Structure formats: structure tokens, C-alpha cells
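A short write-up of the structure that comes next.
The values are calculated or read from the model by the stated rules, or taken from the named source; none is laboratory data. Computed from a predicted structure; not experimentally measured. Neighbour counts are summed over all protein chains in view; Cβ atoms, including those assigned to glycine, are modelled from backbone coordinates with ideal geometry. Heavy atoms of the whole protein, side chains included, go into the accessibility calculation; ligands, DNA and RNA do not. Shrake-Rupley method; radii C 1.70, N 1.55, O 1.52, S 1.80 Å.
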Amino acid sequence: MGLLTNRVERSEIKPGDHIYTYRAVFTYSHHGIFVGGSKVVHFRPERNLDSSTEPSSDLYDPISPRSTCPTFPDCGFRQPNSGVVLSCLDCFLRNGSLYCFEYGVTPSVFLAKVRGGTCTTAMSDPPETVIHRAMYLLQNGFGNYDIFQNNCEDFALYCKTGLLIMEKQGVGRSGQASSVIGAPLAALLSSPLKLLMPSPVGVATVTAGMYCMSRYATDIGVRSDVIKVAVEDLAVSLGWAEHHDEAAQENEALSRQLVTL
């Protein structure tokens, strides 16, 4: 992975990696956790998962039905009323390129990344912890999908770090969502400078600087309103867990068997 792109080959990713791919000609990216065995756990809007074989008009296109996957018969496994899905890598990528999200980057590298949703200054937990969180949430869900506060990137970031934002208002952990909000905000804040700076280059430079700083300020690695929450406590406290601990452990064991198939 380099400064300009995080693109990787399939042979380079390892279980516990946070991967993503671009959709709609790089309009947005879809994120997930690679759990090994060519399987990915990711989070999607629940309404798309319940859709029929007809195309969806939603921004996030629906996953193909489980029965249509030519690679794995269990591709598309999920619990009822949950947007957390287990898919094969082929269905996750949908012929797109594979990228690996970076953790523990320096502030200078973070600011140099023009596009959000590619890296964070936060450190990742060990792979076994990351996979445990992903498989647990596959059985217990990750709440309601929200494009700005609880999306696929938020899911992957939580699995990797265990960090949650205490303040429910505003943008979530997603760097992609921060970019969507930060760019117009930077342009708005820099607009009065046009009266003071006759040069378009000067205005563009200030706008770019504001955009980068707004992204950096919302990164989970530097925010002060984040806390570490165990995945078991997350499910219970937010009401996502519908089963007793014993049943959840049995379901998690079943999911691990699906991954190894």
C-alpha cells in the first residue's frame, strides 16, 4: 500500500483485515472485515437484504440471493432483522478492485490522503479480537443502518478498534461520511476569504486545508469522545442481542464452521 492508493491483491490480505471496494465509478466505498476462507463480514441496509431479485434504486445495491452465488452456498448468511452479512469475497467485491484500510498512520500521512475512508490514526486490535467482534455481530446485529452515523465503515472500524463515539449527534466514525460533510463545510467557511484573497489559488489552498483539518478532527484516533466497549457489552446495552449468552456462543460456533467451508 502506498500514499496514493491502498489497492492490494487477494493474496496480500489476512484474516482480520479491514477491506473495502469502490462502487458506482468510485462514488462511494463499501467496507467489511475479511475473516478468512474467502469470507467477508459486512454491514448493509436491511431493506436491501430483504429485496427480491429486482434491481434496487437505493445507493447501496442489494446482495445477490444466497442461492445464486456460484462459489459458496452459504454466501449471504445473516440473522433475521439484521444488516450484518457473511459473504464470499467475490460477491463482496462485485468485480471491483480490492483495497485494504490502514490503521495507525501518522497525522502527516492521514492529512496527505485526499479522500476519506481509507485510513485512521487509531491502532487496530489483534486479528483474533477483530474476527471475534465481527462474528459476534453477525449473530447479534449492529443496530439500524444510518449512512452518516452507523454505516459499513463504522461497522468495520468498530470491529478493528472496539471504539464507539459517546456523542450520538453529528457524524459517526466513518471517514467517508466525514469527507461528505467536511468538503461543503470547508467551502462554506472559506467563501468569505474570496473578498480578501484575489487569487483563486489562495482560496483553493485555504479550502483544501480546512477540508483536511475537518477530516482529521473527526478521526477516531484523535477524538476525545470515544470509549472502548466490549462487543458483548455493546450488544446487551444497546438491545441488539436477542439471545442468551449460551445460544449466542452456539450460533457463533456455527458461523465459524460456515467460514471454514
Being under 18 Å from Cys75 (Cβ atoms) and open to solvent by 20 Å² or more (accessible area, probe 1.4 Å) is the filter here, so list the residues in the stretch 21-33 that pass it.
none
Qualifying position, being over 18 Å from the mean Cα position of the chain (by Cα) and either under 21 Å from Tyr22 (Cα atoms) or polar (S, T, N, Q) (or both), among Thr71, Thr120
Thr71
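Results for (1) modelled with pLDDT of 95 or more; (2) open to solvent by 10 Å² or more (accessible area, probe 1.4 Å); (3) not aliphatic (A, V, I, L, M), shown as yes or no for each residue.
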{"position": "Ser87", "(1), (2), (3)": "yes, no, yes"}
{"position": "Glu102", "(1), (2), (3)": "yes, yes, yes"}
{"position": "Val114", "(1), (2), (3)": "no, yes, no"}
{"position": "Gly117", "(1), (2), (3)": "no, no, yes"}
Selection over the stretch 119-165 where residues are outside any loop (DSSP other than H, G, I, E, B), out of contact with any Asp or Glu (no Cβ under 9 Å at 6 or more places or on another chain) and surrounded by fewer than 18 Cβ atoms within 10 Å (Cβ to Cβ) yields a count of 2
Among the residues of the stretch 1-20, which ones are small (Gly, Ala, Ser) and either open to solvent by less than 90 Å² (accessible area, probe 1.4 Å) or modelled with pLDDT under 90 (or both)?
Gly2, Gly16
